[in-house]
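The values are calculated or read from the model by the stated rules, or taken from the named source; none is laboratory data. Computed from a predicted structure; not experimentally measured. Positions of Cβ are generated from backbone atoms using ideal geometry, with glycine treated the same way; all protein chains shown enter the neighbour counts. Please note that ligands, DNA and RNA were not included when accessible areas were found on the heavy atoms of the full protein model with its side chains. Shrake-Rupley method; radii C 1.70, N 1.55, O 1.52, S 1.80 Å.
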Amino acid sequence: QVQLVESGGGLVQAGGSLRLSCAASGSIPSINAMGWYRQAPGKQRELVAAITSARSTKYADSVKGRFTISRDNAKNTAYLQMNSLKPDDTAVYYCAAGPVSAYYTGSYSSWGQGTQVTVSS
């Protein structure tokens, strides 16, 4: 069993930056892929970015060039650096973790509770 705790969300003006963190605990060896998803009111949850333990990464087209996903394997923590934020980035952001297959399929086995990001215009 893996527990994930997100932090770093908040209110920021358009053009600003935030850095989200996701700390993992529990059955760490089972984690290879980690991902960030978001869900805005009335919309489906969508992938923002994902990273494997080998540091392969992928991003949603809407955040490419603005967001950067990274991880510190020694600290069992993943990060999402968000720059040039837009009001459309407003959502609850969720961290996810799972085996390497989850990077390709989106079938993550563990999810955090989410952290709110609000971007004002």
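Approximating the spin labels as points 7 Å out from Cα along Cα→Cβ, the Ala74-to-Asn32 distance works out to 2.4 nm. Summing Cβ point charges (Lys, Arg +1; Asp, Glu -1) relative to the Cα centre of the chain gives a dipole of roughly 160 debye.
The label-point distance for Thr105 and Arg66, in a model that sets each label 7 Å from Cα toward Cβ, rounds to 3.2 nm. For the chain, the solvent-accessible area works out to 50 Å² per residue, with a probe of 1.4 Å and every protein chain left in place. A Gaussian network model of the chain, with springs between Cα atoms under 10 Å, assigns the largest mean-square fluctuation among Ser70, Ser110, Ser101 to Ser101. How many percent of the accessible area of the chain is carbon or sulfur, using a 1.4 Å probe? Answer for the chain: carbon and sulfur cover 48 percent of the accessible area.
Accessible surface for Ser84 stands near 60 Å², nearest 10, in the context of the full protein assembly shown (1.4 Å probe). Rounded to the nearest 500, the 222 nm mean residue ellipticity of the chain from helices alone is -1000 deg cm²/dmol, with -39,500 (n - 2.57) taken per DSSP H run of at least 4 residues. With contacts taken as Cα pairs under 8 Å and at least 6 residues apart, the chain reaches a relative contact order of 36 percent. Set the Cα radius of gyration of the chain against 2.2 N^0.38 Å, with N its number of residues, and you get 0.98.
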